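Note sheet for the following structure.
The values are calculated or read from the model by the stated rules, or taken from the named source; none is laboratory data. Not measured: the values here are computed from a predicted model. Heads up, the Cβs are rebuilt from the backbone with ideal geometry, glycines too, and the neighbour counts pull from every protein chain shown. Areas reflect the complete protein model, heavy atoms only, side chains present, ligands, DNA and RNA absent. Shrake-Rupley method; radii C 1.70, N 1.55, O 1.52, S 1.80 Å.
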Amino acid sequence: MNYSKDGITVAPMLDVSHPKKSGRCPVKIRVTYKRTRGYYPTGKDLTPEEWSALSTTKARALVSIRKDIESSYQIVRAAVEELATAGAFTFDALNNRLKGATSDTVNTAFRAKMDEMKAAGRVGSMVAYRGALLGIERFAGAHIPFDVVTPSWLGKYVAFLSSEGKTQTTAAIHLRHLRAILNEARRQGIVKEAQYPFGRGRFEIQEGEGRKMALTLEQIGQIARYDDGSDATAKYRDYWLFLYLCNGINVADFVRLRYRDIVNGEICFVRQKTARTTRTRKEIRVVVTDRMQAIIDRWGNPPAPDRFIFPVLDGSEDAMRRKLKTQYLTRAINKRMATIGEALGIGNISTYTARHSFATVLKRAGANIAYISESLGHNDLKTTENYLASFEREERVKNAELLTKF
């Protein structure tokens, strides 16, 4: 029972410096990092002689204690290993993680995960987990033991969300976050395999069909030419067009673009959404077209290598403030684009429409799906196929209509 990675070690130890009146000493799990040590109790006490014999003993009582110590060790090791792999290890993060691990409630585990994400600056993920927790607590209260989360319970939760008017897509998002919490609890031995409710033959998460929002090139042209005389409309219209032209870039990545990211006439960036979840750094490259350059010239900051291209962030923001500014800009773009969509008779247009339309326009032009997937920064083709589902339906409808032209 010894673990070592990235300068972090984990091992059980007998705390002989704090003997009890019985002569036994507490067994603890010691974590060492940068000459700092943290000690985590196992709830077991042994004499020095019993400790020395523990690894080889066949005495039933000591074998049982050894298994309990191993279980405590595995919980601490699993938490350390995950934090180390994510590059987010601190003792505060470990303590928050173990606070959730030692809890018998889903609620506390969620809050420990959220604290960990906040400490790592992952505000977007923290907000998403908070939304999932609020939904779960509306359904089942503030004290939800792990063992009540069964396939039947999950089915009732989905029905509850539906009764609130939530879509299947929203339910799937909530369930994926809950599954991540239970996966962690399973790795730590809190949830036994027989109790685990997800998977084939148990409860399978049904994904939503998604919103069909792709525009045609003609509609995008109408948007590009739209002008109501308002500078605000012109700015947010141009921002939306830039999102579309820049491979359907997300607003969170758009606001982070700097002039140094323009290399040899191409914008190079890594999606924030996947930067922490992929082993290899997937860089997206986008040729800066004349229209994109015109948008930069009209609305961008004066050029300087370290300066943001667009005047949304100033670099002084912490993670929470950056998230709030991104959300504000997204709402502002969506509000103005909804007005444009109504005026043009296109329907609702949003930042998501820009991303979806980018993929679908490429598909209509005959682009390879692997190229589209790479351009969007997706980790797998299945995600890209979901984006293009509406296009496939359009093709089927068009072909069906052709069969009637006789």
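Average the reciprocal distances over every distinct pair of alpha-carbons in region 23-111, invert the result, and give the Kirkwood radius in Å.
14.4
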Three-way shape label, region 267-359, alpha-carbon gyration tensor, a/c 1.5: rounded
Global geometry of region 88-166, whether rounded, prolate or oblate, following the gyration tensor of its Cα atoms and the 1.5 cut on a/c: oblate
Difference of contour (0.36 nm per residue) and Cα-Cα distance, LEU344 to THR32: 106.0 nm
Region 132-291 - percent relative contact order, Cα under 8 Å, separation 6 or more: 15
Cα-centre dipole for region 107-266 with unit charges at Cβ (Lys and Arg positive, Asp and Glu negative), debye to 20: 580
Nonlocal amide H pairs with LYS166, under 5 Å, H built at 1.01 Å: none
Global geometry of region 113-155, whether rounded, prolate or oblate, following the gyration tensor of its Cα atoms and the 1.5 cut on a/c: prolate
Inter-label distance, nm, simple model (7 Å from Cα along the C-beta direction), GLU49/GLN272: 6.2
MET320 accessible area, 1.4 Å probe, all protein chains in place, Å² to nearest 10: 70
Extension gain, SER71 back to TRP153 (0.36 nm per residue minus Cα-Cα distance, nm): 26.7 nm
Gain on full stretching of the segment that runs from VAL287 to GLN327 - 0.36 nm per residue minus C-alpha separation: 11.7 nm
Packing rank of 284-290, 254-260, 348-354, where each peptide gets the mean count of other beta carbons within 10 Å, highest leading: 348-354, 254-260, 284-290
Estimated distance in nm for a label pair at GLU193 and SER163, the labels positioned 7 Å out from Cα along Cα-to-Cβ: 3.6
